[in-house]
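Asker: This is the structure I have questions about; it appears just below.
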Amino acid sequence: MLNDLNTNENRLDKALHYDGFSGFRDFINFHRLQYFKEQARLQKDLSVKELMFMSGFTSRSSFYRYFANVEKMSPGEYMDMLHAENK
């Protein structure tokens, strides 16, 4: 990937930090979380677990921790909020 971007690891890390990410994993997880939230709105029949795997998360505990840290609520609370908005 670094070759495709014509950069090195140090430059990429600095760019990610400049954009507010703690590193590459944080950048990836941020985009996975955005995808999760988008799909949760579009595919209301799927469970948190199905959406989690679909979004690229492989560890339930890591996903729940990251989600709660960013969204200040659990994935289940987020899903309940979405369902309440659509009633």
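Asker: With respect to residue 85, determine if the residue is out of contact with any strand residue (DSSP E or B) (no Cβ under 6 Å at 6 or more places or on another chain), at pLDDT 95 or above and acidic (Asp, Glu).
Answerer: On the way: out of contact with any strand residue (DSSP E or B) (no Cβ under 6 Å at 6 or more places or on another chain): yes; at pLDDT 95 or above: no; acidic (Asp, Glu): yes.
The answer is no for residue 85.
Asker: So which helices (runs of 4 or more DSSP H) stay within the range 1-84 end to end and still have 1 or more residues that are surrounded by 12 or more Cβ atoms within 10 Å (Cβ to Cβ) and among the small types (Gly, Ala, Ser)?
Answerer: Details: elements: 9-18, 24-42, 48-54, 60-71.
Filter on the range 1-84 gives 9-18, 24-42, 60-71.
Asker: Return the residues of the range 31-46 that are touching a residue at least 40 places away in the same chain (Cβ under 8 Å) and farther than 19 Å from residue 72 by Cβ; say none if nothing qualifies. Quick ask: steps written out before the conclusion?
Answerer: Of all residues in the range 31-46, those touching a residue at least 40 places away in the same chain (Cβ under 8 Å) come to 37, 40-41, 44.
Listed by number, the list holds a single entry, 44.
The values are calculated or read from the model by the stated rules, or taken from the named source; none is laboratory data. If you're wondering where the values come from, they're calculated on a predicted model, not measured in any experiment. Don't worry about glycine lacking a Cβ; one is built from the backbone with ideal geometry, like all the others, and counts go over all protein chains shown.
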